[in-house]
Amino acid sequence: MKTTTSALYRLPTAVFLVAVGAVIFALSALADRPTRIPFAATFSNVLTDVCAFPVNVDATISGTETDYVDQSGTVTRIFIHSVEQDTFTANGRTLVGTPFTFNTEVLFDSSGNVTHIFASGLVETIPLPDGSLFVSAGRVDFTQHPGVQFLLSPDMGHTGDLAAFCAALSP
């Protein structure tokens with residue numbers, strides 16, 4: 001008799017678990033699959049707030065962007081995995097950074113407005129002429145830096161030796 005009672009409890013539990021699984025599967029089917037887009041780009045910028053003189057930056061970046069959308073096709077999240085290498089010039093001097101990897105995540109609110117653009121990982125790695133290595137790493141929220149396209153210092157984490165960086169590019 002215990003076997004029958006136990007079986008009676010197992011059946012509704014199994015039916016419930018199958019139903020929950022079907023609902024979860026159906027909800028996940030409402031959103032389209034993420035779209036992966038490989039990219040490669042170059043850009044130039046001028047840093048005017050790091051050293052006492054302007055520093056030119058030439059960057060080469062490549063990676064993969066993954067766009068996530070909801071059932072209506074509206075982008076809900078963007079994830080970017082990148083490798084970047086930067087070259088800094090000022091006063092006839094040049095510093096070439098080593099390639100570094102980082103991730104960027106763009107988050108949206110329910111109205112489709114960007115709420116955060118988080119970049120995390122290495123921010124920059126640059127061998128300096130004195131044999132030291134300028135390394136900045138951590139997390140940046142680009143929404144907290146409107147209009148800024150390039151940063152050497154993270155919001156949270158470790159900033160490299162900016163004085164040594166500027167000294168290496170000084171006249």
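Read-outs: derived from the displayed coordinates by stated rules, not from any lab. This structure is a prediction, so every number in the text was calculated from the model and none was measured. Every residue, glycine as well, gets a Cβ built from its backbone with ideal geometry; the counts of neighbours run over all protein chains shown.
Give, as a single signed number, the net charge of other residues whose beta carbon lies under 15 Å from the beta carbon of residue 74, with Lys and Arg counted +1 and Asp and Glu -1. Around residue 74, the charge tally is -2.
Taking other residues whose beta carbon is less than 15 angstrom from the beta carbon of residue 146, and scoring Lys, Arg as +1 and Asp, Glu as -1, yields -3. For the stretch 36-171, a crude dipole built from +1 on the beta carbon of Lys and Arg and -1 on the beta carbon of Asp and Glu, taken about the Cα centre, is about 140 debye to the nearest 20.
Derived scalar couplings between HN and Hα for the stretch 75-85 equal 5, 10, 6, 10, 10, 10, 10, 9, 10, 10, 9 Hz in order, rounded to whole Hz, by the Karplus curve 6.51 cos²θ - 1.76 cosθ + 1.60 (θ = phi - 60°), x for Gly and Pro.
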